[in-house]
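Asks: Starting off with a structure, shown below.
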Amino acid sequence: MKFETKVVRAGVRPDPTTGAIVPPIYQSATYVLEQVGKDKGFDYTRSSNPTRQLLETNLAAVEGGRYAACFASGLSTVDAILRLFNPGDHIVSSDDVYGGVSRLFNEILSRYGLKFTYVDSSDARNVARAIRKNTKMVWIETPTNPLIKVTDLEAVGEICRKKKVLFGVDSTFATPALIHPFDFGADLVMHSSTKYVSGHNQVIGGYVVMHSKKMYEHFRYMQKSVGAVPSPFDCWLVLTGIKTLSLRMARHSENAMAVARFLENHPKVKRISYPGLESHPQHGIARRQMKNGYSGMMSFELKGGLSAGKKLMNAVRLCSLAESLGSVETMITHPATMTHVSVPKKERLARGLTDGLVRLSVGIEHKDDIIRDLKKALDA
Ligand SMILES: Cc1ncc(COP(=O)(O)O)c(C=O)c1O
């Protein structure tokens with residue numbers, strides 16, 4: 001099946017008892033056994049659930065992997081991935097990752113003996129240089145949150161293959177509609193389904209896709225043993241949302257391109273980062289590895305710095321000042337006080353995440369309305 005067909009159809013069959021075209025929400029905690037030792041494939045919803053199973057089958061097919069495992073959030077998915085490792089193991093990570101991921105790595109997992117080195121992975125040579133004897137995984141976010149840096153997945157995949165370390169990719173910003181990290185040698189592809197995959201600001205969720213059965217068994221074991229699993233209703237909402245992923249990503253990308261060009265040419269804008277612009281430092285890599293568009297995420301800084309950025313964020317009317325991204329509504333965010341507040345200021349500034357940075361998640365409204373809103377707010 002082609003991608004557009006997979007998002008609608010993969011894994012989903014009409015309900016066998018009623019023929020309902022939309023699968024039911026199996027909102028049940030437990031399952032009645034036919035007799036001792038004989039169930040129908042389900043025993044307790046923490047371990048598995050029919051609605052979750054449908055979603056996992058769909059997500060694996062959409063990403064081009066063999067298995068998918070869903071968790072209650074993107075962060076609990078990253079946590080389950082990191083539990084593949086043992087105290088003393090080392091992970092090389094992109095430096096510009098979502099603030100919650102930095103917090104998980106630095107404040108929680110490092111207390112249990114995991115070691116992290118952060119590199120600017122937009123230059124793949126930095127990744128190769130950081131790998132040590134005890135390195136077990138390279139963790140790449142591309143494009144990154146919030147600086148929208150792009151990593152050459154093919155180059156990093158080659159490094160990981162040669163050095164025999166696992167290659168994990170947080171592909172939340174690109175989605176499977178625009179990048180397939182498995183094509184570049186990734187072992188694990190992770191998404192926060194809170195964002196584009198569900199797409200409607202209704203759920204918190206996450207998942208990981210892989211080819212390896214052994215790894216899949218680890219994730220099944222994490223679902224059962226830790227229990228950070230999504231509710232059947234949340235799974236159903238993701239299964240509904242994903243059906244329009246390819247359509248939405250095309251519109252997000254088209255709108256974002258128009259908004260980025262408008263901002264790039266606006267006299268009050270000091271710098272803008274959007275991979276579709278020729279001025280983006282990794283535009284060439286993005287053009288090679290992102291298919292059908294550059295997604296809806298961008299960040300920019302105004303000439304007046306923090307105070308001008310704050311004025312803009314308070315003046316917009318259509319764009320919603322909110323913490324998330326990847327939904328149908330355009331959302332504007334101040335990373336320094338919102339999504340990345342848990343990253344210490346010194347570290348933020350070292351990465352280039354200034355107090356004046358504004359992040360924009362361009363939605364699927366009409367692009368003229370989004371641009372008009374931004375223009376009015378900039379003029380104000
Ligand atoms: C790139 C990226 N990864 C992971 C996460 C965490 O996902 P969640 O909020 O679903 O836990 C986020 C959240 O913003 C994100 O932007």
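Asks: Between helix 232-241 and the chain, what is the angle of the helix's C-alpha long axis to the longest principal axis, kept within 0 to 90° and rounded to the nearest 10?
Replies: It works out to around 50 degrees.
Asks: A further question on this structure: Per DSSP H run of n ≥ 4, the term is -39500 (n - 2.57); total these for the chain, divide by its residue number, and report the mean residue ellipticity at 222 nm rounded to 500 deg cm²/dmol.
Replies: Only helices count here, giving -10500 deg cm²/dmol.
Asks: Name the residues whose placed amide hydrogens come within less than 5 Å of the amide hydrogen of LYS270, ignoring near sequence neighbours (fewer than 5 apart) on the same chain.
Replies: GLU301, LEU302, LYS303
Asks: Among the trypsin sites (Lys or Arg not before Pro) in segment 5-98, which ones are in a DSSP loop with at most 10 other Cβ atoms within 10 Å of the Cβ? Mind listing them?
Replies: Of the trypsin sites (Lys or Arg not before Pro), the ones in loops of segment 5-98 whose Cβ has at most 10 other Cβ atoms within 10 Å are LYS40.
Asks: Which of the GluC sites (Glu not before Pro) across segment 202-285 are loop residues per DSSP, with 16 or fewer other Cβ within 10 Å?
Replies: GLU278
Asks: Kindly put ASP183, ASP79 in sequence by how many other C-beta atoms sit within 10 Å of each C-beta, fewest to most.
Replies: Going from least to most buried by this count: ASP183, ASP79.
Asks: Restricting to Cα pairs below 8 Å that are 6+ residues apart, what does the relative contact order work out to for the chain? Please round to a whole percent.
Replies: 17 percent
Asks: Let me ask something else about it. Which ordering of TYR294, TYR112 is given by a fewest-first count of other beta-carbon atoms within 10 Å?
Replies: Starting with the residue having the fewest Cβ neighbours, the order is TYR112, TYR294.
Asks: Tell me the net charge near CYS70. Cut-off is 10 Å between Cβ atoms, CYS70 excluded, with +1 for each Lys or Arg and -1 for each Asp or Glu.
Replies: So the environment of CYS70 carries a net charge of -1.
Asks: Can you pick out the pairs among LYS163/LYS213; LYS162/LYS213; LYS2/LYS291; LYS6/LYS243; LYS310/LYS376 whose Cα atoms lie more than 18 Å from each other?
Replies: The pairs that break the limit, which is 18 Å between Cα atoms, are LYS163/LYS213; LYS162/LYS213.
Asks: Right, next: Under the Karplus relation 6.51 cos²θ - 1.76 cosθ + 1.60, θ = phi - 60°, what is the ordered set of whole-Hz ³J(HN,Hα) values for segment 357-364, x standing for Gly and Pro?
Replies: So the Karplus estimates, Gly and Pro as x, are 5, 10, 10, 10, 10, 7, x, 10 Hz.
Asks: A further question on this structure: Taking the Cα atoms of the chain alone, what are Rg (to one decimal) and Dmax (as a whole number) in Å?
Replies: Considering the chain through its Cα atoms, Rg and Dmax are 20.8, 73 Å.
Asks: Give me the net charge for the shell around MET137: Cβ to Cβ below 10 angstrom, other residues only, Lys and Arg +1, Asp and Glu -1.
Replies: -1
Asks: Which distance in nm do the two modelled labels at PHE116 and VAL22 give, with both placed 7 Å along the Cα-to-Cβ direction?
Replies: Going from the PHE116 label point to the VAL22 one covers 3.9 nm.
Asks: Sort LYS115, LYS149, LYS163 so the one with the fewest other Cβ atoms within 10 Å of its own Cβ comes first.
Replies: Ascending number of Cβ neighbours within 10 Å: LYS163, LYS115, LYS149.
Asks: Which far-off residues, 5 or more places away or on another chain, put their amide H under 5 Å from the one on SER93, with H placed in the peptide plane?
Replies: Close amide H contacts, sequence-distant or interchain: THR117, TYR118, VAL119, TRP139.
Asks: Once phi is turned into ³J(HN,Hα) by the Karplus curve 6.51 cos²θ - 1.76 cosθ + 1.60 with θ = phi - 60°, what whole-Hz value does each residue of segment 221-229 show in order, with x for glycine and proline?
Replies: Here the 3J(HN,Hα) series is 5, 5, 4, 6, 8, 9, x, 7, 10 Hz.
Asks: Say each of GLU154 and ARG271 gets a label point 7 Å from the Cα, pointing the same way as Cα to Cβ; how far apart are those two points in nm?
Replies: Using points 7 Å along Cα→Cβ, the separation is 2.7 nm.
Asks: Let me ask something else. Return the sequence-ordered ³J(HN,Hα) values of segment 16-22 in whole Hz as given by the Karplus equation 6.51 cos²θ - 1.76 cosθ + 1.60 applied to θ = phi - 60°, using x for Gly and Pro.
Replies: x, 7, 10, x, 3, 6, 8
Read the figures in this text as sums done on the coordinates, not as results from a lab. Every value quoted in this text rests on a predicted model; they were computed, and no experiment measured them. Heads up, the Cβs are rebuilt from the backbone with ideal geometry, glycines too, and the neighbour counts pull from every protein chain shown.
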